[in-house]
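Single-structure report; data block below.
The values are calculated or read from the model by the stated rules, or taken from the named source; none is laboratory data. A quick note: this is a predicted structure, and the numbers were derived from the prediction, not measured. Positions of Cβ are backbone-derived with ideal geometry, glycine not excepted, and every protein chain shown enters the neighbour counts.
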């Protein structure tokens, strides 16, 4: 029985994942060099409480020594998925501009400061859901050229929905990287939200049965994407 329990636990953990390394223009950096080390860096387990401060960056502890990566607006930026995204669900990217007097290395990302850069729901066809991020080992998006120059926290979030039919069942896999954007524009990113605060456990994009009855539509949780 102990062997069976250990086997099941190992199988469950192996299906989980982290986002440990920054990817810029297709090239991955070292793990946890520019990404704040997450609480699940060993367990790979998810965040499930959207009211917890862990829903922001899932940090192991403040000041884990991450460096800040300089990147030009218009570049592509993203994360590696270790070992891959292995649950069905929605992929989202957020960013928050570091306020005056702070740096990406010492700011906690609190307050109504986060704006959404990207959201990706499923393709629904012939009574089935297909999730584009499923199985991916890297996920990236372009930095809008109109994003103002400055230091940012750049946040990836994958919401696994395989057990999301009741409140608290959705699994959030999150990382935050520290970046300094150069050659930016004059955009005004928004709408702005806070983490925690942006989500409720009962939001339709978070509490959902993706298996039966098969949904005919899906809307990712959170604010609208800033188009730049």
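Please tell me if residue 175 is assigned to a loop (DSSP other than H, G, I, E, B) and at pLDDT 95 or above.
no
All of (1) within 15 Å of the chain's Cα centre (by Cα); (2) modelled with pLDDT of 95 or more; (3) assigned to a loop (DSSP other than H, G, I, E, B); (4) surrounded by 15 or more Cβ atoms within 10 Å (Cβ to Cβ) hold for residue 49 with one exception: (4).
State whether one or more residues within region 131-154 are under 24 Å from residue 51 (Cβ atoms) and surrounded by fewer than 18 Cβ atoms within 10 Å (Cβ to Cβ). Full working, then the answer.
Step one: list which residues in region 131-154 are under 24 Å from residue 51 (Cβ atoms), which gives 153-154.
From the residues that got through so far, the ones that are surrounded by fewer than 18 Cβ atoms within 10 Å (Cβ to Cβ) too are none.
No: zero hits.
Yes or no: residue 190 more than 15 Å from the chain's Cα centre (by Cα), surrounded by fewer than 14 Cβ atoms within 10 Å (Cβ to Cβ) and modelled with pLDDT of 95 or more? It is true that residue 190 is more than 15 Å from the chain's Cα centre (by Cα), surrounded by fewer than 14 Cβ atoms within 10 Å (Cβ to Cβ) and modelled with pLDDT of 95 or more.
Would you pick out the residues in region 65-88 that are within 20 Å of residue 37 (Cα to Cα) and either buried (at least 18 other Cβ atoms within 10 Å of the Cβ) or more than 17 Å from the chain's Cα centre (by Cα) (or both)? Correct list: 65, 66, 67, 68, 69, 70, 77, 78, 79, 80, 81, 85.
Of 135, 150, all but one fail to be within 19 Å of the chain's Cα centre (by Cα), free of Cβ contacts under 8 Å to residues at least 60 places away in the same chain and closer than 24 Å to residue 27 by Cβ; the exception is 135. For residue 121, the conditions (1) out of contact with any helix residue (DSSP H, G or I) (no Cβ under 8 Å at 6 or more places or on another chain); (2) under 17 Å from residue 76 (Cβ atoms); (3) surrounded by 15 or more Cβ atoms within 10 Å (Cβ to Cβ) all hold with the exception of (2).
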